[in-house]
Ligand SMILES: *Cc1c(COP(=O)(O)O)cnc(C)c1O
């Protein structure tokens, strides 16, 4: 997962370009920037890579999700269907719009179960937001079909799956808009940053405006801009964009390293009958940031995680008990704990409680163990890890 492992001369060079001009900002200063447009260049290169018409960088993945939902028309009182296994940011973005997060069950892909999503659609539903968790994808074609049949926006939270594809098509490009994060622990990092992609010109016009106080970005040097819509300041700085650009150019190397390392570990795990691997709808499109598997029950999953801890193996995650990633730990959402009154509260809407009834997701997550795949592992590191895997499973 972590692009920070490969921070090097390439990143330093891009940042130095920006420092040399002193134009640390993505807009304006057209002459002084000496031809360096780091955010714009990232956007062009990433859009090309994803075979999508538009990309816009912003200040974080959270800003990207907020923006993508807003430009999809999600507003006060609307319902957004999303999974209970994600990062809190997905839920925060829905609440920030005054909308109501509605959880649907996940399946063995660790992403939204389309059959359950279908059952959660009401006349208030405005969007479905699958989250491509832990480097792999949701059953995106089926989810798209549900959205198309019901007139709903499809917003993909692909923050954890940059570079992933389904049947050759980039994750994030299936619906109205797709979101990516370049935060410190993502596949590629900009320090902090995010990006929104879309194939729809009108949507894109709203995206870049929303991220910059509604400015239309028409003309040079910002002199003639109008602001046709209301927005925020979700601009990325050129310094962050410069790091992101260097990292983007390493993405293929990162993915191939992860895939190779994951394959080696997968072979080691497959010796054990108790281990069932996560379902990956298109294994070729997996970014291989994590190796996730199911144990027979909660106890064996917890024992496995404890076993790795005892062996001093880092990067083993039990998301079921993790307070950033699973709904059972999100009491603050259930109690609407916020410094200000939330719109949903004012609307008299109830939020899905932290003890929301999601028995299928709970059963799956209680059995799920994920191992982070690193880039910097040497052959010796991999061999040692395989030995420890065999120790933990009692071989
Ligand atoms: C990281 C992440 C985000 C938010 O990204 P930031 O850049 O940290 O704001 C949103 N959704 C998911 C699924 C994430 O993993």
Between residue 216 and residue 298, what length in nm is gained on full extension when 0.36 nm per residue of separation is reduced by their alpha carbon distance?
24.3 nm
Just the Kirkwood number for the chain, please: inverse of mean 1/r across all distinct Cα pairs, in Å, one decimal.
21.7 Å
Label residue 259 and residue 141 with points 7 Å out from Cα along Cα→Cβ: what is the distance between them in nm?
2.0 nm
If R₀ is 30 angstrom, what is the calculated FRET efficiency for the pair residue 48 and residue 382, using the beta carbon separation as r and rounding to 0.05?
0.35
Contour excess over end-to-end distance, with Cα ends at residue 310 and residue 149 and 0.36 nm allotted per residue:
52.9 nm
Computed from the beta carbon distance with a Förster radius of 51 Å, FRET efficiency for residue 393 and residue 331 to the nearest 0.05 stands at 0.90
Whole-Å distance linking the alpha carbon centroid of region 143-221 with that of region 73-99 is 15 Å
Determine the percent antiparallel among the DSSP beta bridges restricted to the chain, to the nearest 5.
65 percent
Extension gain residue 202-residue 284, at 0.36 nm per residue separation less the Cα-Cα distance, in nm?
26.3 nm
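None of the figures in this text is laboratory data; all of them are computed from the coordinates on show. Keep in mind the model is a prediction, meaning the values are calculated, not measured. FYI the Cβ positions are ideal-geometry reconstructions off the backbone, even for glycines, and counts take in every protein chain you see.
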